[in-house]
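**Q** The following block contains the structure, expressed as structure tokens.
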Amino acid sequence: MDDILLRSQTGAVAEVRLNRPARGNALSLELIDRLRHATDELAADDRVHVIVIAAEGSIFSAGHDLKEITGARAGTDGGRAFFERAMEACSDMMQNIVRCPKPVIASVQGVATAAGCQLVASCDLAVASADAGFATPGVNIGLFCSTPMVALSRNVGRKHAMEMLLTGETVSAEGARTLGLVNRVVEPGQLAAATAELAGQIASKSPATLKIGKEAFYRQLEMPLGEAYAFAARVMVENLLERDSREGIDAFIAKRAPAWQPLLEAAGTDLK
């Protein structure tokens, strides 16, 4: 049996690739667990600066594995224990992407629906093929996309999110870019190259600085304006005291390329 999650690395960019194309890359409980563990391992790998999540086949991800869900209904509890475990594991995996100290980019071909759309929304950035589509269609089968709603509503405007959730209609790649769900839309044959270019550009930055910035970004989003500015100011001060800040500024003044410190060797900024 083929591995359901493929991994590769080019330079400082690591890729994890969903590999259940015959099942629309549905997020089975096993695949969810594998994604979680892969993110943890890559977060701890000093050679990796950026993570890309991609998929095999013509569909990025059709969401939760509905056949697995249906099979669980045969249990004496009607599937409750499995449903609770699956939703908790999926929510934890999505949050783990946000908590990962390294930028995570979704590279999307085909459609990303329900939890597949949630996966795209949970990534820090997304590059989509022009033929990609995005939907939260649970409402069509009597299952409102409540957990995908959390990530979706933190990416797009409230009314746009509600429209996707209430109608279940598919949004085109260009429409998703307009809404803020994806960053870039490229021709189908250019997806891999465009994703690699963006990932490589980010991977050339200081790993310690990327970590500081990503964590601070998500922290300040949940704060009132004044609190967010006070928090960001403290982060800037701590960042200025970091070794890579000194190195980057010195390199800029001297007109030379900076020599960044590996992430695991950095002292780390305490974001409080």
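The values are calculated or read from the model by the stated rules, or taken from the named source; none is laboratory data. As the structure is a prediction and not an experimental result, all values here were calculated from the model. Neighbour counts run over all protein chains shown; Cβ positions are idealised from the backbone, glycine included. The area values use the complete protein model at the heavy-atom level, side chains included, leaving out ligands, DNA and RNA. Shrake-Rupley method; radii C 1.70, N 1.55, O 1.52, S 1.80 Å.
**Q** Please give the net charge around ILE105, taking every other residue with its beta carbon less than 14 angstrom from that of ILE105, where Lys and Arg add +1 and Asp and Glu add -1.
**A** Net local charge, ILE105 excluded: +2.
**Q** I would also like to ask the following. Label MET236 and ASP250 with points 7 Å out from Cα along Cα→Cβ: what is the distance between them in nm?
**A** Going from the MET236 label point to the ASP250 one covers 2.4 nm.
**Q** Mind checking which aspartates and glutamates have their Cα closer than 19 Å to the Cα of LYS159? Skip sequence neighbours fewer than 8 apart in that chain.
**A** Those aspartates and glutamates meeting the cut-off are GLU169, GLU174.
**Q** Taking Cα atoms of segment 126-272, Rg/Rh with Kirkwood Rh, to two decimals? It would help to have the intermediate numbers written out before the result.
**A** Details: Rg = 19.7 Å, Rh = 18.3 Å.
For segment 126-272, the value is 1.08.
**Q** Place a point 7 Å from Cα of SER172 in the direction of its Cβ. Which residues in segment 116-134 have their backbone N less than 13 Å from it?
**A** Within reach of a label on SER172: 130-134.
**Q** Let me ask another. In Å², and per residue, what accessible area does the chain have when probed at 1.4 Å with the other protein chains present? Don't skip to the answer; put the middle values down first.
**A** Numbers: 13950 Å² over 272 residues.
Value for the chain: 51 Å² per residue.
**Q** How would you order 21-28, 84-91, 222-229 from highest to lowest mean count of nearby Cβ atoms within 10 Å?
**A** Numbers: 21-28: 20.1, 84-91: 16.1, 222-229: 10.6.
Answer by packing, highest mean first, reads 21-28, 84-91, 222-229.
**Q** Then there's this: Picking from HIS49, HIS64, HIS37, which is most flexible by a Gaussian network model of the chain using Cα springs under 10 Å?
**A** Comparing HIS49, HIS64, HIS37 in a Gaussian network model of the chain, the most mobile one is HIS37.
**Q** From largest accessible area down, sort MET164, MET236, MET149; use a 1.4 Å probe on the protein chains.
**A** The ordering from most to least exposed comes out as MET236, MET149, MET164.
**Q** So between ASN183 and ASN140, what do we pick up on full extension, going 0.36 nm a residue minus the alpha carbon distance?
**A** So the chain would gain 12.7 nm between ASN183 and ASN140.
**Q** Quick query: amide H of GLU15 versus all other amide H atoms, modeled in the peptide plane; which residues come in under 5 Å with a sequence gap of 5 or more or a different chain?
**A** SER8, GLN9, THR10, VAL52
**Q** Using amide H atoms built 1.01 Å from N in the peptide plane, name the residues 5+ places from VAL108, or on other chains, whose amide H lies under 5 Å from its own.
**A** VAL127, ALA128, SER129
**Q** Give me the net charge of ASP77's neighbourhood, meaning all other residues with Cβ under 15 Å from the Cβ of ASP77; Lys, Arg count +1, Asp, Glu -1. Working shown, then result.
**A** Details: positive: ARG73, ARG80, ARG85; negative: GLU84.
Neighbourhood net charge equals +2.
**Q** As a test of the definition: which semi-axes, in Å, follow for the chain when you take the square root of five times each eigenvalue of its alpha carbon gyration tensor? Largest first, please.
**A** Its equivalent ellipsoid spans semi-axes of 34, 20, 19 Å.
**Q** Mind checking the dipole of the chain: about its Cα centre, +1 per Lys or Arg Cβ, -1 per Asp or Glu Cβ, Debye to the nearest 20? Walk me through the numbers on the way to the answer.
**A** Details: 28 positive and 33 negative charges, 80 e Å.
Computed about the Cα centre, the dipole is about 380 debye.
**Q** Kindly state, to the nearest 0.05, the FRET efficiency for TYR229 paired with ALA22, given R0 = 51 Å and r defined as their beta-carbon distance.
**A** 0.50
**Q** From the phi of every residue in segment 168-183, what ³J(HN,Hα) in whole Hz does the Karplus formula 6.51 cos²θ - 1.76 cosθ + 1.60 yield, where θ is phi - 60° and glycine or proline is x?
**A** So the J values, rounded to whole Hz, are x, 6, 7, 9, 5, 4, 5, x, 5, 5, 4, 6, x, 7, 10, 8.
**Q** Moving to a separate point now. Rounded to the nearest 20 debye, what is the charge dipole size of segment 1-148 about its Cα centre when +1 sits on each Lys and Arg Cβ and -1 on each Asp and Glu Cβ? Working shown, then result.
**A** Numbers: 13 positive and 18 negative charges, 44 e Å.
Taking the Cα centre of segment 1-148 as origin, the dipole is about 220 debye.
**Q** Where does helix 158-167 land angle-wise versus the long Cα axis of the chain, in degrees 0 to 90, nearest 10?
**A** Between helix and principal axis, roughly 20 degrees.
**Q** Right, something else. Using the Karplus equation 6.51 cos²θ - 1.76 cosθ + 1.60 (θ = phi - 60°), what ³J(HN,Hα) coupling, rounded to whole Hz, does each residue of segment 186-194 give in order, writing x for Gly and Pro?
**A** In residue order, the calculated couplings are 10, 4, x, x, 9, 4, 4, 5, 5 Hz.
**Q** Would you please classify the overall shape of segment 127-170 from the alpha carbon gyration tensor, given that a ≥ b ≥ c denote the square roots of the eigenvalues, rounded means a/c under 1.5, and beyond that prolate means a/b larger than b/c while oblate covers the rest?
**A** oblate
**Q** Here is a follow-up. Taking the alpha-carbon distance from LYS102 and a cut-off under 28 Å, which lysines remain once sequence neighbours fewer than 8 residues away in the same chain are dropped?
**A** LYS205, LYS211, LYS214, LYS255, LYS272
**Q** When the helix-only estimate is applied to the chain (DSSP H runs of n ≥ 4, each -39,500 (n - 2.57), divided by the residue count), what is the mean residue ellipticity at 222 nm, nearest 500 deg cm²/dmol?
**A** Using -39500 (n - 2.57) per qualifying helix, the result is -15000 deg cm²/dmol.
**Q** Which order do peptides 246-258, 123-135 fall in by mean Cβ count within 10 Å, highest first?
**A** 123-135, 246-258
**Q** Ordered by residue, what ³J(HN,Hα) values in Hz, to whole numbers, does segment 97-102 give under the Karplus form 6.51 cos²θ - 1.76 cosθ + 1.60, where θ = phi - 60° and Gly and Pro are x?
**A** Once θ is set to phi - 60°, the couplings for segment 97-102 become 5, 5, 6, 4, x, 10 Hz.
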